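Participant: Just passing along the structure, written as structure tokens.
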Amino acid sequence: MKSYLDQGLVKDARLVFDEMPHRDVVAWTAMVEGYTSCNHHTQSWVLFSEMVKNEVTPNAFTFTSVFKACKGMKSLSCGALVHGLAIKLGMEGSIYVENAVMDMYATCCATMDDACQVFRDLCVKNAVSWTTLITGFTHRGDGYMGLRVFQQMLQEDAELNPFSFSIAVRACASIGSRTSGRQIQAAVIKCGFESNLAVMNSILDMYCRFTCLPEANQCFLEMSEKNLITWNTLIAGYQRIDSSECLYLFSQMESQGFSPNCFTFSSVAAGCADLAVLACGQQVHGGIFRRGFNQNLEVTNALIDMYAKCGNIADSRKVFDEMCDKNLVSWTSMMIGYGSHGFGKEAVELFDEMVTSGIRPDQIVFMAVLSACSHAGLVEEGLRYFHTMTSDYNVTPDQEIYGCVVDLLGRSGRVAEAYGLIQNMPIKPNESVWGALLGACKAHKLPHLGKLAATEILDLKPNTVEAYVLLSIIYAADGKWREYAKTMNLIRGMGNKKEAGRSWIEVRNQVYSFVVGDKIGSHTKRVYAILELLIQHMKETEFEPNLDCLIHDLQDGT
DNA sequence: CTAGGGTTAG
């Protein structure tokens, strides 16, 4: 059985198990453990129940495996049931069992209270007990407590090993504490763990998350040993910072003989999405297909987003339709794609289809459908979803959702209603909610309300250039040139310039990038000729061109 | 037949 299990041949191991005339605890346990180690948690649980039914008494080995299965199933009820049985059978003396119980409670419970209780009651703690507790806090997003337990571990002179350092580094990364991060890196060197791959990979990840590029690069270069995870960490890190560098690293990695896996492709596809490079994205998709990763959930989700952001919504849908199983992220990515392409109706239909298929919506998918409604002018549909999110789905609207609804109302000209919504919010509106209102005031020429919104933004976040810029446009449109000049002077004096909104398009392996009013580049004349044509079209279809944006040109005297 | 760590997606 063991030799089959070592090769991952669970079915063959089970055949041997079934043929055994007599099965003792060890045989049962080997099989239970075999299932958990292959991530077949439910089967492990079923076999354990059969074992108990057959009146075979589980031992410490059995319990550690079955707690791991409960952890895998995220089932607190199963875990608590087994814990009761373990106490009844006097397993509390085993540190292995106790650590497994702790781990189970840490992952299955809503709070860390039960895990902490087990930890406090331990007669003897070992290094695993400490790291299990730190991991519990850190993996649920409480890096502060994770670090505090790590500090306590240092104070109590517990044995330090690579495991404790890698999770402590992870905790620093999650709370963004550069100081603690550097201190722990120093301790890693002092303890002689700088040659440990997992520790160094987590330090590399930390510096990438801090956007400390010199440190990240140095760490990468100085690592004596690198594996696939090292490369994946660096590539994922650069994807968040500089996607073109991410693609370059991908080619470097391949030329150094490393074969990319699902993690690599997820990051690289996301990088192509950021850069909106369709041809490159298609090549990456080809690589994914060749290696048989085209059914991996994370990879395909990244592809949906990639095609949508590269302007090819049809292929997004194709990838989406070809998926065997979809999760919430798949549906959301598709809806965001539809929304940004102006297909509000399709996004709404997809939302309903998703709910019918039994997936429970969360805040982000509501944001996707609301923003799709907003951009497609589906105001009533949007408002209906906004109301059902609390009444039918028990999802609490956050700042971003309120921002979407303010935008939904504001875009369609119902600015007073949008303001009313802000006034009745159960939480204090943040600058992005006010920003949505300010945008609506600019579009619908409401200088008074616009000034109020801008004041709120500047109270919450002083020196927000974007607010001043919008305000100046509102003044200009209102003919308040004195106020306009004052605001412009303020903007000039601020120094922290608002970065210009930039667009780019890839045509035949060449990326063309431009900002509003750009006069650089060899194609300028043709671009402006097309623009003239479009304006002519707009006028013919009785669209009133918005001339507010021409302020900047007037200033230049053009 | 035992436990704990490092990289992906909206």
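The values are calculated or read from the model by the stated rules, or taken from the named source; none is laboratory data. Just so it is clear, the structure is predicted and the values come from calculations on it, not from any experiment. Cβ sites come from the backbone with ideal geometry, for glycine too, and all protein chains shown count toward neighbours. Remember, those area values only see protein heavy atoms, side chains included, never the ligands or the DNA or RNA. Shrake-Rupley method; radii C 1.70, N 1.55, O 1.52, S 1.80 Å.
Participant: Scan region A:367-389 and tell me whether some residue there is at pLDDT 95 or above, open to solvent by 30 Å² or more (accessible area, probe 1.4 Å), of a type in the set (A, V, I, L, M) and within 13 Å of DNA strand B (Cβ to nearest atom).
Facilitator: Yes, some residue in region A:367-389 is at pLDDT 95 or above, open to solvent by 30 Å² or more (accessible area, probe 1.4 Å), of a type in the set (A, V, I, L, M) and within 13 Å of DNA strand B (Cβ to nearest atom).
Every residue, every condition in (1) in contact (Cβ under 8 Å) with a residue 60 or more places away in the chain; (2) open to solvent by 40 Å² or more (accessible area, probe 1.4 Å); (3) within 12 Å of DNA strand B (Cβ to nearest atom), yes or no:
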{"position": "A:243", "(1), (2), (3)": "no, no, yes"}
{"position": "A:252", "(1), (2), (3)": "no, yes, no"}
{"position": "A:257", "(1), (2), (3)": "no, yes, no"}
{"position": "A:263", "(1), (2), (3)": "no, yes, yes"}
{"position": "A:269", "(1), (2), (3)": "no, no, yes"}
{"position": "A:272", "(1), (2), (3)": "no, no, yes"}
{"position": "A:275", "(1), (2), (3)": "yes, yes, no"}
{"position": "A:278", "(1), (2), (3)": "yes, yes, no"}
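Participant: Among (1) of a type in the set (Val, Ile, Thr); (2) more than 12 Å from residue A:67 (Cβ to Cβ); (3) over 30 Å from the mean Cα position of the chain (by Cα); (4) within 10 Å of DNA strand B (Cβ to nearest atom), where does residue A:128 come up short?
Facilitator: (3)
Participant: Which residues, taken from region A:433-450, are in a helix (DSSP H, G or I) and open to solvent by 10 Å² or more (accessible area, probe 1.4 Å)?
Facilitator: If the condition is that a residue be in a helix (DSSP H, G or I) and open to solvent by 10 Å² or more (accessible area, probe 1.4 Å), then A:434, A:435, A:436, A:439, A:442, A:443, A:447, A:448, A:449 are the ones that fit.
Participant: (1) modelled with pLDDT under 95; (2) farther than 19 Å from residue A:303 by Cβ; (3) of a type in the set (Asp, Glu): which one isn't true of residue A:274, the others all being true?
Facilitator: Tallying (1) modelled with pLDDT under 95; (2) farther than 19 Å from residue A:303 by Cβ; (3) of a type in the set (Asp, Glu), residue A:274 fails exactly one: (2).
Participant: Could I ask something else about it? Would a scan of region A:455-462 turn up a residue that is buried (at least 16 other Cβ atoms within 10 Å of the Cβ) and within 17 Å of residue A:407 (Cα to Cα)?
Facilitator: Yes, region A:455-462 contains at least one residue that is buried (at least 16 other Cβ atoms within 10 Å of the Cβ) and within 17 Å of residue A:407 (Cα to Cα).
Participant: Quick one: in region A:41-98, which of the residues that are under 25 Å from residue A:11 (Cα atoms), within 11 Å of DNA strand B (Cβ to nearest atom) and in a loop (DSSP other than H, G, I, E, B) is most open to solvent (accessible area, probe 1.4 Å)?
Facilitator: The extreme case among them is A:59.
Participant: Quick check: anything in region A:460-480 aromatic (Phe, Trp, Tyr) and over 30 Å from residue A:273 (Cα atoms)? Outline the logic, then answer.
Facilitator: Step one: filter region A:460-480 for residues aromatic (Phe, Trp, Tyr), giving A:468, A:475.
Next, only the ones that are over 30 Å from residue A:273 (Cα atoms) stay: A:468, A:475.
Checked region A:460-480: at least one residue is aromatic (Phe, Trp, Tyr) and over 30 Å from residue A:273 (Cα atoms).
Participant: Yes or no: residue A:101 touching a Leu at 6+ places or on another chain (Cβ under 6 Å), more than 9 Å from DNA strand B (Cβ to nearest atom), aliphatic (A, V, I, L, M) and open to solvent by less than 60 Å² (accessible area, probe 1.4 Å)? Explain how you work it out, then say what you get.
Facilitator: On the way: touching a Leu at 6+ places or on another chain (Cβ under 6 Å): no; more than 9 Å from DNA strand B (Cβ to nearest atom): yes; aliphatic (A, V, I, L, M): yes; open to solvent by less than 60 Å² (accessible area, probe 1.4 Å): yes.
No.
Participant: Does residue A:198 qualify as being farther than 14 Å from residue A:112 by Cβ, surrounded by fewer than 19 Cβ atoms within 10 Å (Cβ to Cβ) and near DNA strand B (Cβ under 8 Å from one of its atoms)? Lay out the reasoning, then the answer.
Facilitator: On the way: farther than 14 Å from residue A:112 by Cβ: yes; surrounded by fewer than 19 Cβ atoms within 10 Å (Cβ to Cβ): yes; near DNA strand B (Cβ under 8 Å from one of its atoms): yes.
Against the criterion (farther than 14 Å from residue A:112 by Cβ, surrounded by fewer than 19 Cβ atoms within 10 Å (Cβ to Cβ) and near DNA strand B (Cβ under 8 Å from one of its atoms)), residue A:198 qualifies.
Participant: Restricting attention to region A:6-44, report how many residues are modelled with pLDDT of 90 or more, within 36 Å of the chain's Cα centre (by Cα) and acidic (Asp, Glu).
Facilitator: Summing the residues that are modelled with pLDDT of 90 or more, within 36 Å of the chain's Cα centre (by Cα) and acidic (Asp, Glu) in region A:6-44 gives 1.
Participant: Residues being more than 15 Å from residue A:370 (Cβ to Cβ) and touching a residue at least 24 places away in the same chain (Cβ under 8 Å): count how many of those fall in region A:417-439.
Facilitator: Looking only at that region, the number is 10.
Participant: When you go through A:258, A:263 one by one, which is the residue that is within 20 Å of residue A:201 (Cβ to Cβ) and under 21 Å from the mean Cα position of the chain (by Cα)?
Facilitator: Values: A:258 fails: under 21 Å from the mean Cα position of the chain (by Cα).
Selected residue: A:263, the only one of A:258, A:263 that is within 20 Å of residue A:201 (Cβ to Cβ) and under 21 Å from the mean Cα position of the chain (by Cα).
Participant: Now for a separate question. Return the pairs, sorted by first residue and then second, in which the second residue is away from DNA strand B (no atom under 11 Å from the Cβ) and of a type in the set (S, T, N, Q), the first residue lies in region A:318-334 and is part of a helix (DSSP H, G or I), the beta carbons are less than 7 Å apart, and the residues are 6+ apart or on different chains.
Facilitator: What qualifies is A:334/A:316.
Participant: Would you please name the residue that is farthest from residue A:448 (Cα to Cα), looking only at residues in region A:468-488 that are open to solvent by less than 60 Å² (accessible area, probe 1.4 Å) and in contact with a Lys or Arg (Cβ under 8 Å, 6 or more places away or on another chain)?
Facilitator: Filtering region A:468-488 for residues that are open to solvent by less than 60 Å² (accessible area, probe 1.4 Å) and in contact with a Lys or Arg (Cβ under 8 Å, 6 or more places away or on another chain), the one farthest from residue A:448 (Cα to Cα) comes out as A:469.
Participant: Looking for something out of contact with any strand residue (DSSP E or B) (no Cβ under 9 Å at 6 or more places or on another chain), more than 20 Å from residue A:383 (Cβ to Cβ) and assigned to a helix (DSSP H, G or I) - is there at least one such residue anywhere in region A:416-428? Explain how you work it out, then say what you get.
Facilitator: If we filter region A:416-428 for residues that are out of contact with any strand residue (DSSP E or B) (no Cβ under 9 Å at 6 or more places or on another chain), which is where we start, we get A:416-428.
From the residues that got through so far, the ones that are more than 20 Å from residue A:383 (Cβ to Cβ) too are A:428.
Imposing the further condition that a residue be assigned to a helix (DSSP H, G or I) reduces the set to none.
Within region A:416-428, not a single residue is out of contact with any strand residue (DSSP E or B) (no Cβ under 9 Å at 6 or more places or on another chain), more than 20 Å from residue A:383 (Cβ to Cβ) and assigned to a helix (DSSP H, G or I).
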